[in-house]
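Worksheet for the structure shown next.
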Amino acid sequence: MEPVTELARHIEGVTLIDQHVHGCWLAAGDRARFENALNEANTEPLAEFDSGFDSQLGFAVRAHCAPVLGLPGHAAAEDYWERRSRHSEIELARLFLSSAGVGDWLVDTGVGSDVAGVAELEALSGNRAHEIVRLEEVAEQAAQAPGDYAATFGEILHRRAASAVGTKSVLAYRGGFDGDLTEPSAAEVARAASRWRDRGGVRLRDRVLLRFGLHQGLRLGLPLQLHVGFGDRDCDLYKANPLLLLDFLRRSGDTPIVLLHCYPYEREAGYLAQAFNNVYLDGGLSINHLGARGPAFIARLLEMAPFRKILYSSDGFGPAELHFLGTRLWRNGIHRVLRGFVDAGDWSEGDALRVVDLIARGNAARVYRLAAR
Amino acid sequence: MEPVTELARHIEGVTLIDQHVHGCWLAAGDRARFENALNEANTEPLAEFDSGFDSQLGFAVRAHCAPVLGLPGHAAAEDYWERRSRHSEIELARLFLSSAGVGDWLVDTGVGSDVAGVAELEALSGNRAHEIVRLEEVAEQAAQAPGDYAATFGEILHRRAASAVGTKSVLAYRGGFDGDLTEPSAAEVARAASRWRDRGGVRLRDRVLLRFGLHQGLRLGLPLQLHVGFGDRDCDLYKANPLLLLDFLRRSGDTPIVLLHCYPYEREAGYLAQAFNNVYLDGGLSINHLGARGPAFIARLLEMAPFRKILYSSDGFGPAELHFLGTRLWRNGIHRVLRGFVDAGDWSEGDALRVVDLIARGNAARVYRLAAR
Amino acid sequence: MEPVTELARHIEGVTLIDQHVHGCWLAAGDRARFENALNEANTEPLAEFDSGFDSQLGFAVRAHCAPVLGLPGHAAAEDYWERRSRHSEIELARLFLSSAGVGDWLVDTGVGSDVAGVAELEALSGNRAHEIVRLEEVAEQAAQAPGDYAATFGEILHRRAASAVGTKSVLAYRGGFDGDLTEPSAAEVARAASRWRDRGGVRLRDRVLLRFGLHQGLRLGLPLQLHVGFGDRDCDLYKANPLLLLDFLRRSGDTPIVLLHCYPYEREAGYLAQAFNNVYLDGGLSINHLGARGPAFIARLLEMAPFRKILYSSDGFGPAELHFLGTRLWRNGIHRVLRGFVDAGDWSEGDALRVVDLIARGNAARVYRLAAR
């Protein structure tokens, strides 16, 4: 048995900022809902022969979430589901959120009407929560409102941003990163908005308006999060390669841009974080889905990215397990990786302690200007 | 010396289904033939200064095949060749095939006229063998036959499929995955077939007819194997990225689609296996050529792919060493990887045992509907 | 404490050929210059909140270069800078170059007017140095000279090549690898040269003339180095994927082509080294910037690439630390990786010793026809 080092103790105890997360479920659901929530990429119900438990994420839930529910680690899937079913989603949320060791949740509210909002996450976790405003949602609100589209977009964005800490774009899901991402002219925006409103103004896919929203986000100056890579199959994964953002990034000025998830492009994202003073990355969502392979992924996040440019998030959505598991797997993974760097003589233990603090909370506190608690 | 665990014993003993393999040589050849067979990508003879032995595959042959021939592990290349030369290819086939611990061979018969066929593999190995029908070969047979191309293609395919367990396409070698992969109209097929027959009807590269064949394969409903990634340089490797199949997969229905080889796109392939109920992957060919790096590759296969979607194959072709070595390297690699997961506390030993069985044979038996022996 | 093995001793002692390097600084500079030199990708000054020391390269400098200056390993950034500042750049160059264990430096002289040239590197290091001629620099010299462009290019190239050992192209920085890379006609070259000269003839980006230069390099027959992958953000990294070179390589004949840096495309580059008798690769630049992650990268370089096709370089430029650190990290990394292969039973210790010699110097001596010392 290896002795507990200062590094291990420190990683176990550090309070994280989860810089990109969604709400957890509030209402009861069946086992199919739960198992499907363990698969991110598939947009259809899992096949009869399959089980959401038979994946790295499913194994990680059984290994690391079961003890939170009083079961032994690696409890059988059936036992896990049975035990989980004894609790309401509200109870599960209180349990898992408060076990996460997170001090601040930055909540993308742009998806899911049946999950906890910012205030609910705050109440359930006992921590602080802050909003991230989704630009495509602002666009959809502007399309439904009367008056000039661009002006209305600006008004809604500024109103919502007043109490928010950042913005987010899901351009990756609305056609991807390739092609022109420059700012469109006012006339182009007006024409495109008129066309879109005529078609109902729902689920924005118009490139002109997507570009308009992105540049409004840049101009606002709050950190702008971008979905990159891994997600569900509505996204063309090869068009979600962050290298396709190069021209956009070259003209993005000083607004912090945060590349989210990044799998399997985490090395490309790390390169961009080195190449641009305003580019950051995290490995949220991916770390949960990689389970036992999380350490290998976390190690790749630590290649070309400067250490002041790496953030933590869980991207939890739905089962409250995910909000907790993100922190558990990150703590396990960063320990394994940094322990290896120290043991090899490449880093000092002090280096490792400092980088843990930067990724866990220091970088996020700086980028999002979060007050110390 | 670490104790032999149940996991190690189980992996050593499990009987595999090799779900994609070709014939082994039957007739004698010189050392140049052998060394060139240790290089997959090069289509020209190896340079004077080079040796097929000086590669991961070459080192693996010396490490793991030499003992099968009664030599010490890591025997010198010269000694290995000398010892191998004492045997006929038939003797080598009997030796290596029967040492592989494989119960069923699924044989792609679409390449090589001087290698063992299905019946010969059965006889030489003492195991069962089943045919995989190559769609482009069916096309070439239809082009040579009289009558309506589409009808003839369908007749040949159904006749051959009656005794086969799957189909295979080498679209990756015939222009790659990018571009339209929808089903062409009957008129388009007739026109394209007429043009191709006028040109002699050999080595199909016509996109209309390739698309036609793919969709006939889908409609047949047997598992459809696709060459993905690593192969020889006739393939444009960047057009063999499986993410380019996204639109095709979105319309592929329920027919199982098996992504073969996958290097260096194994993480992308794993993502697709998560995204589509009907998508599977293996790491055949790649594992042999990666030798000592096999464990790292096998670990990446175990990232996003659900565990009921991963298969084993060797893709052995030519030297019978490859049919054996695939199993040796897979056993070594999966043990290393799963042992690590268990030791880290992320998986239980029971989890590992069960996933071994799924990949070794359970998934393949289910997908190809192979009767238990 | 593990015993020192023959492999460890051999790796520590082997004299390297650094097959791609630039000059080190000769004149004093401030801390900002030094810290910016620890970031490759960014073309702007590092942000106020950032530090070049807070990266894998920065940590590696503190870990491995500090002892060369008489400091303990992992010295604080402030202490490192203070100690470094006590020396002139000339003194630092003498110290770090002579500590590198390099016998031959192959110097790309096409960048930087304020760094050491071939003769200076020879004098400062006490080793041999040889020139690599940059084809785009030859083009720019030809554009400034009177007379027929193509003839002048040829004259300059042959004159400079008489005392050089290879050529280099930075096509990756001048539009990337995608698109037509065939040889242009004489008429096309003349027209393009005329247009370019009219525009001043600086910083070549004209595709016709870039292609012309490449094919002149091929025809010359000296090894032709190509920047691949990782570099600064002027390069569109997704257009620096070496797979886009496939058509060019298929027609490149016998001239050795050396793919440099390769991150994050080192697996694709390894594939090309297997696919073409005349293709080689190295991991220069990347190994320095990866620091503690160097072993993982070196392991990937050892996947599909035949062992007679892998070379060593540092790509050092600016701080003399980089010329030394490349060798330190390569020795550490290759030892870690090969030790693992041997311990796993996949390679013999003799295999490892031989591959060390091939990568360290044997392959480079053969390719560049360097006389034994």
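The values are calculated or read from the model by the stated rules, or taken from the named source; none is laboratory data. Predicted model only: the values in this text are computed from it and were never measured. Glycine also receives a Cβ, built like all others from the backbone with ideal geometry; neighbour counts cover every protein chain displayed.
The C-beta contact set for segment C:293-322 (first residue over 16 Å from residue C:358 (Cβ atoms), second residue of a type in the set (A, V, I, L, M, F, W, C) and assigned to a loop (DSSP other than H, G, I, E, B), distance under 6 angstrom, 6+ apart or interchain) comprises C:315/C:285. Just one of (1) within 27 Å of the chain's Cα centre (by Cα); (2) among the small types (Gly, Ala, Ser); (3) within 27 Å of residue C:129 (Cβ to Cβ) fails for residue C:145. It is (1).
Within segment A:107-124, does at least one residue satisfy the condition of being touching a Lys or Arg at 6+ places or on another chain (Cβ under 8 Å) and within 14 Å of chain B (Cβ to nearest Cβ)?
The answer is no, given that none of the residues of segment A:107-124 is touching a Lys or Arg at 6+ places or on another chain (Cβ under 8 Å) and within 14 Å of chain B (Cβ to nearest Cβ).
Do we find that residue B:326 is part of a helix (DSSP H, G or I), more than 27 Å from residue A:300 (Cα to Cα) and touching a Ser or Thr at 6+ places or on another chain (Cβ under 7 Å) in this structure? So residue B:326 passes the test.
Within segment A:247-263, can one find any residue that is closer than 30 Å to residue A:54 by Cα, surrounded by fewer than 20 Cβ atoms within 10 Å (Cβ to Cβ) and within 14 Å of chain B (Cβ to nearest Cβ)? The answer is no, given that none of the residues of segment A:247-263 is closer than 30 Å to residue A:54 by Cα, surrounded by fewer than 20 Cβ atoms within 10 Å (Cβ to Cβ) and within 14 Å of chain B (Cβ to nearest Cβ).
Each row is one residue, and each column tells you yes or no for (1) aliphatic (A, V, I, L, M); (2) more than 20 Å from the chain's Cα centre (by Cα).
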site: A:3; (1), (2): no, yes
site: A:13; (1), (2): no, yes
site: A:22; (1), (2): no, no
site: A:41; (1), (2): yes, no
site: A:50; (1), (2): no, yes
site: A:63; (1), (2): yes, yes
site: A:70; (1), (2): no, yes
site: A:73; (1), (2): no, yes
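Give B:53, B:49, B:59 a once-over and let me know the one that is over 18 Å from residue B:325 (Cα atoms) and either surrounded by fewer than 16 Cβ atoms within 10 Å (Cβ to Cβ) or touching a helix residue (DSSP H, G or I) at 6+ places or on another chain (Cβ under 7 Å) (or both). None of the others qualify; the one that does is B:49. Only one of the numbered conditions (1) assigned to a loop (DSSP other than H, G, I, E, B); (2) more than 14 Å from every other protein chain (Cβ to nearest Cβ) is violated by residue A:48, and that is (2).
Listed by first and then second residue, the pairs with beta-carbon distance under 7 Å, at least 6 apart or on different chains, first residue in segment A:251-269 and outside the structural domain of residue A:221 (by the TED database) and free of Cβ contacts under 8 Å to residues at least 60 places away in the same chain, second buried (at least 24 other Cβ atoms within 10 Å of the Cβ) and outside any loop (DSSP other than H, G, I, E, B), form an empty list.
So that you can scan it fast, the table gives a plain yes or no per residue for (1) surrounded by fewer than 24 Cβ atoms within 10 Å (Cβ to Cβ); (2) under 24 Å from residue A:343 (Cα atoms); (3) among the hydroxyl-bearing types (Ser, Thr, Tyr); (4) in contact with a Gly (Cβ under 9 Å, 6 or more places away or on another chain):
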{"position": "C:323", "(1), (2), (3), (4)": "no, no, no, yes"}
{"position": "C:326", "(1), (2), (3), (4)": "no, yes, no, yes"}
{"position": "C:329", "(1), (2), (3), (4)": "no, yes, no, yes"}
{"position": "C:336", "(1), (2), (3), (4)": "yes, yes, no, yes"}
{"position": "C:340", "(1), (2), (3), (4)": "yes, yes, no, no"}
{"position": "C:350", "(1), (2), (3), (4)": "yes, no, no, no"}
{"position": "C:354", "(1), (2), (3), (4)": "yes, no, no, yes"}
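Can you find a residue that is at pLDDT 95 or above, over 28 Å from residue A:182 (Cα atoms), in contact with a helix residue (DSSP H, G or I) (Cβ under 9 Å, 6 or more places away or on another chain) and crowded, with 24+ Cβ neighbours inside 10 Å anywhere in segment A:267-286?
Checking segment A:267-286: at least one residue is at pLDDT 95 or above, over 28 Å from residue A:182 (Cα atoms), in contact with a helix residue (DSSP H, G or I) (Cβ under 9 Å, 6 or more places away or on another chain) and crowded, with 24+ Cβ neighbours inside 10 Å.
The residues listed here are A:179, A:217, A:231, A:175; of these, the one that is surrounded by fewer than 20 Cβ atoms within 10 Å (Cβ to Cβ) and either within 14 Å of chain B (Cβ to nearest Cβ) or part of a helix (DSSP H, G or I) (or both) is A:175. For segment A:27-45, the set of residues classified as part of a loop (DSSP other than H, G, I, E, B), more than 8 Å from every other protein chain (Cβ to nearest Cβ) and buried (at least 16 other Cβ atoms within 10 Å of the Cβ) consists of A:38 only. With the structure loaded, tell me whether residue C:290 is touching a Phe, Trp or Tyr at 6+ places or on another chain (Cβ under 8 Å), part of a helix (DSSP H, G or I) and more than 8 Å from every other protein chain (Cβ to nearest Cβ) or whether it fails that test. Here the answer is no, as residue C:290 does not meet what is asked.
None of A:348, A:314 is in the same structural domain as residue A:287 (by the TED database), polar (S, T, N, Q) and within 26 Å of residue A:92 (Cα to Cα) except A:314. Scanning segment C:117-130 for residues that are assigned to a strand (DSSP E or B) and surrounded by fewer than 22 Cβ atoms within 10 Å (Cβ to Cβ) yields C:128, C:130. The residue list C:237, C:285, C:272 contains one member that is among the aliphatic types (A, V, I, L, M), in contact with a Pro (Cβ under 7 Å, 6 or more places away or on another chain) and within 13 Å of another protein chain (Cβ to nearest Cβ), which is C:272. Among the residues of segment A:240-287, those that are more than 19 Å from residue A:325 (Cα to Cα), assigned to a helix (DSSP H, G or I) and touching a strand residue (DSSP E or B) at 6+ places or on another chain (Cβ under 8 Å) comprise A:242, A:245, A:249, A:266, A:269, A:270, A:272, A:273.
Taken over segment B:335-373, the criterion of being assigned to a helix (DSSP H, G or I), charged (D, E, K, R) and free of Cβ contacts under 8 Å to residues at least 60 places away in the same chain is satisfied by B:336, B:343, B:351, B:354, B:366. Of note, residue A:17 satisfies the criterion of being under 25 Å from residue A:330 (Cβ atoms), in contact with a strand residue (DSSP E or B) (Cβ under 8 Å, 6 or more places away or on another chain) and either in contact (Cβ under 8 Å) with a residue 40 or more places away in the chain or outside any strand (DSSP E or B) (or both). Residues in segment B:158-196 that are closer than 14 Å to residue B:136 by Cα, without any contact (Cβ under 8 Å) to a residue 60 or more places away in the chain and either outside the structural domain of residue B:146 (by the TED database) or out of contact with any Lys or Arg (no Cβ under 7 Å at 6 or more places or on another chain) (or both): B:160, B:167, B:169, B:171, B:193, B:196.
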